[in-house]
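What follows is a set of notes on a single structure, which appears directly below.
None of the figures in this text is laboratory data; all of them are computed from the coordinates on show. The structure displayed is predicted, hence computed values, not measured ones. Here the Cβ positions follow ideal geometry from the backbone for every residue, glycine too, while neighbour counts run over all protein chains shown.
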Amino acid sequence: MSIKINKERFQAFLEALDDLAKGNYTKRLSSSIENDCFSNAETVFNILAEEYENKFKYFITLQPTLGYEYITSCIIKISPEGRILDMSLIKAKDNILDKIDFIDNYLLDLVSEQDQEKWLKNFLIFLQTPTKRTSFSLELLIKGESIKGYCGFHYMGQSREIWMSFAIVNPIFETEKIEENTPDYTKIREIKFSDKQKIQQIHAILCNKEYDRIYTIDELIEQFQINKNVFQKGFKLMYNQTFYSFYLEQRIKYAKQLLIYSNLSINNIAHKCGFTDYSNFFRNFQKATNHNPAEFRKKYSKGLNTE
């Protein structure tokens, strides 16, 4: 029996597959046009694209600095008591993370002794405030071998199942030197507690990697009902940078992550980092990194292998 498929529909499917192969995990197909065999393929594509996008987001969330090469990741399902229920490898490197060895064991037993308190503290914080997403360095001891990486907790989709993402990394280039500017804690203590909370909330918005919408100071101080002068002085005291320089720095850092670990086009990356004008993105990126975006990608690009 032959199946007739609309030419435009088939072309859209091929283009979506091509985008997926290039690292664009955001495209979705409409599977509600016709209830036929081909709609099943469209549904499967959407599920696959969503899975890849989620895995990419988890890794980017876990990556705290840019001086690392992505080796492999595992996503571990754990109970509220910390018992391992399931494990899924994003990219298998070897058999050292074989899930058969770990199911029903307590994850804390796999954590190195010096990191056990850190893991437990962050896990308890997540159980109390699951919307707060943090990442932290962690050392696991698997079959006597030390495995170092970065860890974070999240709920999978709409379920209340707890999953821990663990990204194993290796250094790939020298990390940028961190300026050792010590905040003036005496002056910070003088900031009203309510104003300090508002500044911290605004700071969190600047770090959330959602830069399709760029905020101005005036929009944020109106939203959080804080005096502009108080905000600007308080932000500089607390974070050793002005609002604008910090916001720009975060967007450039995200662009570097996307250039290294994704196959998105440079124009698309510029847009995702809040630059509607490519020349503006080019100029700011080159000033911050001493490379233009294309040069930086050619030098450091690793791409994301989700197999």
Are there any GluC sites (Glu not before Pro) in region 209-253 that are in a DSSP loop and have at most 14 other Cβ atoms within 10 Å? List them by number. E210
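When a/c is below 1.5 the answer is rounded, else prolate if a/b is larger than b/c, else oblate, so apply that to region 209-258 with a ≥ b ≥ c taken from the square roots of the Cα gyration tensor eigenvalues. Present the calculation step by step, with values, prior to reporting the outcome.
Values: a/c = 3.42, a/b = 1.54, b/c = 2.22.
Here region 209-258 falls in the oblate category.
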Apply the Karplus curve 6.51 cos²θ - 1.76 cosθ + 1.60, θ = phi - 60°, to the phi angles in region 194-206 and return the couplings in whole Hz, x for Gly and Pro. 5, 5, 4, 4, 5, 5, 5, 5, 5, 4, 5, 4, 5
